[in-house]
Amino acid sequence: MPVRATKRGDERTPLDGWRDVLICGASFAGLAVARELAGSGADVLIVDRYEIGERQTSACGIPTEWLRRLGLMDAERQRFDTLVVHTPHGDARYRLPWTFSTFDYRDLCQLLWRGCDATFETAKVNGRAAAANGDGRIAVETDRGTISAPLVVDALGWRRILGPGGGYQPPEAPLSRGLEVHPEGSAKDLEVWIDRRYVPAGYGWSFPARDEVRVGVGSFDPRFHVRETTELLAADLERDRVRYQGNWIPHEIRPATEGGVFFAGDSAGHCLPLTAEGIRTALYFGIALGRELRAVVNGQKSREQAASSYASFHGSHEWKFRWMLRAQKLVPRVPPRLLGPLIRLMGAKRFVDWAFSHYLAIAPPPLAGSANDQNRPHHQQGDAEEAGRSERDLVQAEQA
């Protein structure tokens, strides 16, 4: 397990004071927000209890086009144009209308950070503090002091630390449970198991990433412990049970703004039910939020106007999350004997193209990497030759 990178001794200087923008959380959503603010002239501070890229909490997969559009292709580890779905009564191979990539968490976070001009400090966020004056700034208490800013983002994860009230704790909270191991090795297929031998409500997975295979189990029921069945799946695949990592995964969307604070990523429930995909959505909503905050910094909007716009954008996607949650609740009710035939029936090309195209459209790749792309080094804007090549040709070349 990762060791918390808290500054010690002479390095542990106080962080009391104020900034233009305070971003709490230095993973996908927080870094996406900061990246959109690059070049705005704002004094932006990011705080997190871990160093940037230090603590991976997911299988790290995303539609390839997201990496390309954001200039993050250097983090890619492996690419897939098919998905293999296993059930106790048969398997199916879906040929996807778009490719999916696994990536290195540290590399991707560092690439996002390279596009920022913010300041970063390791600090544990404890919650909101009483504001020192009435100027509209929001005060945040950390283990290194109290920081104030008129624009504050909570991208700290499912605990929603800067939200009002409390009590959002497993197993009562609407959270899924996931655990995976990271053995060394290789594989060609992106695989999913819908099999109650591993989990009554949920799925297992194998996400190859060039020189390691990420094998895990996720349960929609937070009361179901997944360690034993994660180890069972790894043993069935003849993979070592090493380098464990796990996390709680929100499966219900939550308000985008509360008490003057903006929320993005898991703290806003920006994780798709059924598939538990949260990286693409964290980036998607982080970019949208970053552009709203940039408008405030540039004097084009007030904080209240930005909050209203962001909440409206967030709310316009809520029905998509609700439908995914309905599907999540429906899948465990399907009799096991029907799963195999149903999965094979859904493998028809027309249905796969329709379903996966609509799924991608829930959070489509951005048209531009960020508001500051024109000032980025060429290597961060993506490789034109790479973008022009056929994805399927690239996948076939990698597998050859």
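Values in this text are rule-based calculations from the coordinates and carry no lab data. If you're wondering where the values come from, they're calculated on a predicted model, not measured in any experiment. Positions of Cβ are generated from backbone atoms using ideal geometry, with glycine treated the same way; all protein chains shown enter the neighbour counts.
If you take the C-alpha gyration tensor of the stretch 121-229, multiply each eigenvalue by 5 and take the square root, what semi-axes do you get, largest first, in whole Å?
39, 18, 10
Per the Debye formula with a single identical scatterer at each Cα and no solvent contribution, what log10 I(q)/I(0) holds for the stretch 190-261 at q = 0.23 Å⁻¹?
-1.04
With viscosity set to 0.890 mPa s at 25 °C, what whole-number translational diffusion coefficient in µm²/s follows for the stretch 270-316 from Stokes-Einstein and a Kirkwood radius over Cα pairs?
216 µm²/s
For a quick check, take a GNM of the chain with Cα springs below 10 Å and name the residue from 33, 44, 242 with the largest mean-square fluctuation.
Fluctuation is largest for 242.
Please report the spacing between the Cα centers of the stretch 104-164 and the stretch 44-96 in Å, no decimals.
Rounded to whole Å, the Cα centres lie 25 Å apart.
Work from the charge dipole of the chain (Cβ charges, +1 for Lys and Arg, -1 for Asp and Glu, about the Cα centre) and give the residue of 156, 331, 250 farthest towards its positive end.
The listed residue farthest towards the positive side: 331.
Just need the relative contact order of the chain here, percent rounded to a whole number, with Cα pairs under 8 Å and 6+ apart.
22 percent
Evaluate the stretch 294-339: find the radius of gyration of its Cα atoms, find its Kirkwood radius, and give the ratio Rg to Rh.
A ratio of 1.42.
In the structure displayed, which of 188/349; 124/188; 329/349 lie more than 30 Å apart, Cα to Cα?
Pairs exceeding the cut-off: 124/188.
Tell me the mean residue ellipticity at 222 nm calculated for the chain from its helices only (DSSP H runs of n ≥ 4, each -39500 (n - 2.57), averaged over every residue, nearest 500).
-9000 deg cm²/dmol
Distance in nm between label sites at residue 275 and residue 227, each 7 Å beyond Cα in the beta-carbon direction?
Inter-label distance under the simple model: 3.1 nm.
At q = 0.22 Å⁻¹, what is the base-10 log of I(q)/I(0) for the stretch 49-157 according to the Debye formula with one equal point scatterer per Cα and no solvent? Please give it to two decimals.
-1.19
Please report the projected area of the chain's Cα convex hull averaged over all directions, in nm².
Over every viewing direction, the Cα hull of the chain projects on average to 19.8 nm².
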